[in-house]
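Just so you know, all these numbers are worked out from the coordinates, no wet-lab data involved. In this text, all values refer to a predicted model and were calculated from it rather than measured experimentally. Please note: Cβ atoms are built from the backbone with ideal geometry, for glycine as well, and neighbour counts cover all protein chains shown.
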Amino acid sequence: MTRVENAAGPQVKRLSDYTPPAFMIDTVALDFDLRDGETKVASTLQGRRNPQTTDITDVLELDGQGLRLLSISLNGAAVPEGGYRIEGDKLFLSAVPENFTLEIVTTIEPEKNTALEGLYMSDGMYCTQCEAEGFRRITYFPDRPDVMAVYTTRLEADADRFPVLLSNGNLMQSGMLDEGRHFAVWHDPFPKPSYLFAAVAGDLACVRDSFRTMSGREVELRVYVEHGNEHLTGHTMDSLKRSMKWDEERFGLEYDLDLFMIVAVSHFNMGAMENKGLNIFNSKFVLADPQTATDADYERLEGIVAHEYFHNWTGNRVTCRDWFQLSLKEGLTVFRDQEFTSDTHSRGVKRVADARLLRAVQFPEDAGPTAHPVRPESYLEINNFYTVTIYEKGAEVIRMIHELLGADAFRRGMDLYFERHDGQAVRCEDFVAAMEDASGIDLGQFRLWYSQSGTPELEVDLAHDPDAKTATLKVRQILPPTPGQPAKEPMLIPLSMALLDGEGQALPLQLLGENAEDIPKARVLPVSQSEQVFVFENVDDRPVPSLLRGFSAPVRLRTNRTAEQECFLYRHDDDPFARWDAGQAYLTGALTAAARKGRYDAVLDDDFLQAVGEILSGPDIEPAFAAELLTLPGESVLADAMTPADPEAIHAARNAARREIGLRHAGLFQESYDRLSIAHDPEDMSTAAMGSRALKAVALGYLVAGGDTGAVALAALQAAAATTMTESMSALQALNNVDCPERRDAMKAFHDRWQDTPLVLDKWFTLSATSSLPDTLETVKRLLEHPKFDLATPNRVRAVIGAFSSGNPVRFHAPDGAGYNFLADQVVRLDEMNPQVAARLVAPLTRWKRYDEARQRMMRQCLERIRRYAGLSPDVTELVAKGLGEES
Ligand code: TRP
Ligand code: ZN
C-alpha cells in the first residue's frame, strides 16, 4: 500500500482540542467484494446530527487513507464535485442534513498491504486490524472511538479459496452465487466504534466448543486455525472457558452474544485484538502443545486469551471517548488479566513477574525521552502509545485504587461504572468518579497518577529510639522531571509495610497517638506529602522494615537498610514481593558496585550465598517462587541503576555473580536438578509441575554458569533427549552463552528439527540473536540472509532484530557502535513496509542519556541518520524526534 502523506506533515493531536463529533452514525452496512488485485467496499451509513453538541456545522468529516473513491451519494443523489473535498487523509462532505443516508464505494488492495493495518492478507487469508486507526484504510468513516454504530457486514469471495467468511456478531445469511463465489451476512447488535470492526475470509479449520453462562445461555465457541493446526488449540479453548467463568464469578460479567470466535493469523503487529465477538490473534498466542510451546508460552497465551476476552466489557461495552483515554480500557483490562492469573496460579509469583516487567521496561521508558503520563496529553501517532506505561503502569494505577478502596468497594465501583456507562465512550475520569462515588473515598490527589509522568522515588529511612521505644519511618517522595513536566505535585502513594523483629516476626504497628485496639501487623501508609514521618510506639528493639509489600505502588524504593538487613529480609520476609525485592535490592547494589569498580571476584557476600543455599535446601518453598528468588536482576535493570551505564561491566558482574552462586552450590543445584527430573510427567501442565520445571531450569543454568564441564554435557544431554519444548529451551538457554561444540550441535539439531514450524523456528532465531558470545552481531547479520528470514513477518522481525537490540545489551551496545548502526539500518528498511513494527524497534536507541559520552554520540548519530531518510512514517518520525529530545 502506498503511503499517503499529509501535505502539512503529521499533525500533533492534543487532548485539549477534543470536540464531540458533529454527526453520529447509527448503522453501518458494509459490503466487501473480495477479489484479487482489487477489493471493492460499499458502505452505507445512516447518520444524524449529534444532539449532544451545539456545533451547527453542516460539514461531515470522514477519515480515509490509501483509498480509491469510486462514488459517493447522499440521500440517494450522487454528490457533485464541489459537494465534498479530500484533504490528506480527510474527506469533508458539505450540506449534510439533520438525518442522512450516505453511500460510499471505494476500492483497496489488501494484497499489497504490508503495514498490516486495515484489510490485509496473511498466508492466503484476508483479515483486518482496525485498532487504532485501521478502519480508515478500509472505507471513509468518522474513524474515532466516540462514534458507535450497529454494523451489518456482507462478505463475498471465491468459495473455493475462501470457504470461511466471518465478521462481528451473528451470521444472518449465507449462500452460493454465480462463478464459484459465495457470500455471508453478519450482524452485530451491539453499537461499537470502528476500531472493533473485524472481518476474515480464508480456508480455515474450525474447532468448536460451548460455554453455559451463569444465566443459563449456551454460547458457541470457535477457534479458527490453518488446517493441520486443530490439535494445537486445546489450551486456547480451555483458557477461554476459564476466563468466561472467572469474569462471571469475580465481576458478575456475562458474555453477551451467542457466539465467540478466535482466529489465528501469522502476520500480526501485536499480540491479539479484542474485536467484538471475533478476536483476532497472533498465532503465537493461540497454538500450543507441550512439544512446541514452553510453559512460559502457555502462561502468556492464557493471559492474552483472558485479556482479550475481558475487553468485551472493559473496552467494548464501555469504550474510550478518544485515544488519550487508552488506559481506560488497557490498564483496567491488564489489571483484570493479572487478577485472573493470580487466582489461577500463584499470586505471589505473578506479582513478582509483573514487578520485574515494570522495572525492566516501564521504569526505563518513564525515565527516558518518550516518558508520558498514563493519560497522555498529546501525540503524533497513536500507534506509538500502546506502551508499557499505558498498559502496565495503567494496571498499577487501577491496582492502587483497588488497594485504597478494598475489594468490596472496588467491586461496587465496577458495578456503578457499568451501570452508568454501558454502551458509552468515556474517559479515565469517569472510571475514577465511579470508584469515588461507590466508595465515598476522595481520589482527588490520587488522580495525579493519570496526569504526571515519571516514576516517583520513595526514600524511606528507619530510625529507632530505644529509650522512647519508638520506630520512626521518615518518608520522602522525589518526583523527577520528565519531558514537558519539569516540576510536579506530591502524589498519593500507598506504602504497604511491616516491622520485623529479629526472628522475622511482624510487630504490632501502633501509630503514635492512635487507639490501642486491634493493632494491625501490616499497614498501608498513605504517603501524600513531599516529606512525612510515621512514628510507631512500643518498639523495644530496632526492627527491620518490610517495605512496599505486594509492590503497593509503582515506585523506586530507596532505603537506609544495610546489605545485611536486605539479606535478612531475603530469608525471612513473609510477603513474597518484599522478600524477592530485598534480594533484588541487595543484588543490584552488589552487582553495580562490582561493575563500577571493575572487580569481579567475590561480588557476593557470604551472607547472601548462604541464604541462597537455604532457599535451595529449604523444604517449604514453592518451586516457582524459589525460581524467582534465585534469578538475578536482568542486565537492563542493572543498567538502570548505574550512571553512566556500562553494559560490558554489568554483563561481567552479572556473570561473575552467577558463577559464584553456581560454584558455591553446585552440589545443591545438582540435587535439585536430579530431584526435579524424576517422577515428573513432562507434559503435566499444572501450576505445580510448571513451577518445578522453572526451578529445574534455574538449577541447570547455575550448574553451567558454575563452569563445571559435566554441566555442559548435562545440558547437551537434556537438549538431545528433550520431549517437550520447555525441556529443550531450558537446555539451549543454559548453553547459549557458552562457546562450545555442544552448543553449536544442539542449535543445529534444533534448527533442523523445527525449520518448518515457524513459531518454533522463531525461538531458534531468538536464541541465536541473544547469545552473549562476541560474534553475535555477525551471526545476526547472517540470519537476515537465512532463507526463512522475512521482513514482512513481524514475529520473525521481533525474533531477530528486536531480540538482539533489546535482549542482548552487551552486544547491542558494542563500543564501536556496530549494534546501533545495524538497528538504524533495519529500522529504515522496515519502515517502508511496516511503520508500526519499525517504530517499536527504535526504543533502545532513544535511551542514549544513560550511557557514556562516546555511546551517546553514536546513538544520537543513528537517530539523526534515521531522521534524514525521506518518506519516513509518522510512527518512526515521532519516536526519533522524541529520542533526540525535541518535544512536540
Ligand atoms: N487492543 C489490543 C490489546 O491489547 C492491542 C492492539 C492495539 C493491537 N493496536 C493493535 C493489536 C494493533 C494488533 C494490532 O489488547
Ligand atoms: Zn488490551
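Taking the centroid of alpha carbons for each part, region 140-201 and region 261-335 are 21 Å apart.
If R0 equals 41 Å, the separation of the Cβ atoms of L357 and T57 corresponds to a calculated FRET efficiency of about 0.35.
Per-residue Cβ neighbour counts within 10 Å put E517, E220, E878 in the sequence E517, E220, E878, beginning with the fewest.
Entry note: region 457-560 has Rg to Rh equal to 1.01, where both radii use alpha-carbon atoms and Rh is the Kirkwood radius. Measuring from label point to label point, each 7 Å out along Cα→Cβ, what is the K474 to K748 span in nm? Modelled inter-label distance: 6.4 nm. What the phi angles of region 411-418 give under the Karplus curve with 6.51, -1.76 and 1.60, with θ = phi - 60°, is a coupling list of 5, 4, x, 4, 4, 5, 4, 6 Hz, glycine and proline written as x. Scaled against 2.2 N^0.38 Å for its residue count N, the alpha carbon radius of gyration of region 176-268 is 1.26. Using alpha carbons only, how many degrees (0 to 90, rounded to 10) separate the axis of helix 725-735 from the longest principal axis of the chain? Approximately 60 degrees, to the nearest 10. Its Cα centre serving as origin, the chain has a Cβ charge dipole (Lys and Arg +1, Asp and Glu -1) of approximately 1640 debye. Cα centroids of region 108-124 and region 746-816: 26 Å apart. In terms of its Cα atoms, the chain spans 89, 68, 60 Å along the principal axes, sorted from long to short.
In straight-distance terms, cross-link reach from K469 covers every one of the aspartates and glutamates whose alpha-carbon lies under 16 Å from its own, apart from those fewer than eight places away in the same chain; here that gives D501, E514, E537, D540, D541. Once you reduce region 25-76 and region 449-504 to the center of their Cα atoms, the two points are 54 Å from each other. Taking every DSSP bridge with both residues inside region 457-560, close to 90 percent are antiparallel. Relative to the longest principal axis of the Cα atoms of the chain, the long axis of helix 741-754 makes an angle of roughly 30 degrees. FRET efficiency for the pair I678 and C206, taken as 1/(1 + (r/R0)^6) with r the Cβ-Cβ distance and R0 = 35 Å, rounds to 0.30.
In a reduced charge model with +1 at each Lys and Arg Cβ and -1 at each Asp and Glu Cβ, region 319-451 shows a dipole moment near 340 debye about its Cα centre. Distant-in-sequence amide contacts of A159, defined by a placed amide H-H separation under 5 Å and a gap of 5 or more residues or a different chain, comprise R181, H182.
Kindly state, to the nearest 0.05, the FRET efficiency for R411 paired with T687, given R0 = 30 Å and r defined as their beta-carbon distance. Once the sixth-power term is evaluated, E becomes 0.75. Choose one of F324, G271, M833: the residue whose Cα lies farthest towards the positive end of the charge dipole of the chain (beta-carbon charges +1 Lys, Arg; -1 Asp, Glu; about the Cα centre). The listed residue farthest towards the positive side: M833. Working note: Karplus 6.51/-1.76/1.60 with θ = phi - 60° gives region 587-594 the couplings 5, 4, x, 5, 6, 6, 5, 4 Hz, where Gly and Pro are set to x. Quick one: grab the alpha carbon gyration tensor of region 755-888, order the square roots of its eigenvalues as a ≥ b ≥ c, and give me rounded if a/c is under 1.5, else prolate or oblate depending on whether a/b is larger than b/c. The shape class here is oblate.
The stretch between A563 and D816, if pulled fully straight at 0.36 nm per residue, gains 87.4 nm over its current Cα-Cα span. Farthest towards the positive end of the charge dipole of region 198-302, among the residues M244, N282, S215, is the Cα of S215, using unit charges on the Cβ of Lys, Arg, Asp and Glu.
For region 826-863, the residues whose amide N sits under 18 Å from a probe point set 7 Å from the Cα of E785 along the beta carbon direction are 826. According to the Kirkwood relation over distinct C-alpha pairs, the hydrodynamic radius of region 319-451 is 15.3 Å. The relative contact order of the chain, computed from alpha carbon pairs under 8 Å that lie at least 6 residues apart in sequence, is 8 percent. Projecting the Cα positions of P874, I801, G885 onto the charge dipole of region 755-888 (unit charges on Cβ atoms of Lys, Arg, Asp and Glu, taken about the Cα centre) puts G885 furthest along the positive direction.
Working from the Cα coordinates of region 174-219, the gyration tensor eigenvalues give, after taking √(5λ), semi-axes of 27, 18, 12 Å in decreasing order.
Take the Cα pairs of region 430-518, get the Kirkwood Rh, then feed it into Stokes-Einstein at 10 °C and 1.306 mPa s and tell me D in µm²/s. Here the translational diffusion coefficient equals 96 µm²/s.
Here the Karplus relation 6.51 cos²θ - 1.76 cosθ + 1.60, evaluated at θ = phi - 60°, turns the backbone of region 480-488 into coupling constants of x, x, 9, x, x, 9, x, 10, 9 Hz, with x for every Gly and Pro. Straight Cα distances below 16 angstrom link K748 to the lysines K763, K788, with same-chain residues fewer than 8 positions distant left out.
Relative to the longest principal axis of the Cα atoms of the chain, the long axis of helix 606-617 lies at roughly 70 degrees.
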